[in-house]
Amino acid sequence: MSTIVLQRPATCRECGSALPIGAQVRYYGFNGIYGIDCHNTPPKKEKALANSNWQTIYNEAHKAGLAVMTATTPTPMIVQEHEHILDDKSPVIKAYKVLGGVCGFAWIVIRPGTCSFARWLTKKGLAKKAYEGGVSVWVAQGGQSMELKQAYANAFAATLRAHKINAYPMSRVD
């Protein structure tokens, strides 16, 4: 972006106001010309407003994820210790019930990684560059339970999609 003085009349791309010869404008190349004096709200305040909206959306998604995760009861997992460690047909010495179910991880991927929400997440330290492209938000809640983490990730991603943000949940067994 550069600030220039108009040598011919133009139209502000943002508000449609006529810009006379000699007016100072912000020039964004192919993205157009934006008047400096024709707006009620300066661009920095608009950006701050967008950032507060991102925080609101993130908080809403986090709250939805926690609500679904709290309402989810994972399927317990039984772990057995056999007499011969490599022989599953040998007698069971001890059995353990893992109430949290299968252990695993979950995360939410937001694409593209260059969208303003993804950049905001990265800047706030809430997301990192994802292996599969975009950025990923790691699910730290839910202990080791993959089911709880998946429930959180599904609700979080669904909330973001409701706000027209391209997001989807991912998970894997530990």
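The values are calculated or read from the model by the stated rules, or taken from the named source; none is laboratory data. Because the structure is a prediction, the values reported are computed rather than measured. Note that each Cβ is placed from the backbone with ideal geometry, even for glycine, and that neighbours are counted across all protein chains shown.
Structural remarks
- Answer from Tyr131, Tyr96 - the residue that is modelled with pLDDT under 90, aromatic (Phe, Trp, Tyr) and in a strand (DSSP E or B): Tyr96
- Among residues of the stretch 9-34 being modelled with pLDDT under 80 and more than 28 Å from Leu121 (Cβ to Cβ), the one that is farthest from the chain's Cα centre (by Cα) is Gly16.
- Meets criteria (in a strand (DSSP E or B) and either on the phi > 0 side of the Ramachandran plot or surrounded by 17 or more Cβ atoms within 10 Å (Cβ to Cβ) (or both)) for Val109: yes
- Thr159 vs. criteria part of a helix (DSSP H, G or I), touching an Asp or Glu at 6+ places or on another chain (Cβ under 6 Å) and either more than 13 Å from Ala64 (Cβ to Cβ) or among the β-branched types (Val, Ile, Thr) (or both): yes
- Residue within the stretch 38-50 that is modelled with pLDDT of 85 or more and not assigned by TED's automatic domain parsing to the domain that holds Pro9 present: no
- Pair list, Cβ < 8 Å and 6+ apart or interchain, from the stretch 54-68 residues that are farther than 12 Å from Leu160 by Cβ to residues that are part of a helix (DSSP H, G or I): Leu66/Tyr152; Ala67/Ala155; Val68/Ala151; Val68/Tyr152; Val68/Asn154; Val68/Ala155
- Apart from one condition, His62 fits all of (1) crowded, with 16+ Cβ neighbours inside 10 Å; (2) modelled with pLDDT of 90 or more; (3) not in a helix (DSSP H, G or I); the exception is (3).
- Scanning the stretch 69-93 for residues that are under 12 Å from Glu147 (Cα atoms) and either of a type outside the set (A, V, I, L, M, F, W, C) or modelled with pLDDT under 90 (or both) returns Thr70, Thr72, Thr73, Pro74, Thr75, Pro76, Met77.
- Matching entry among Asn154, Asn166 (being in contact (Cβ under 8 Å) with a residue 60 or more places away in the chain, at negative phi and out of contact with any Cys (no Cβ under 7 Å at 6 or more places or on another chain)): Asn154
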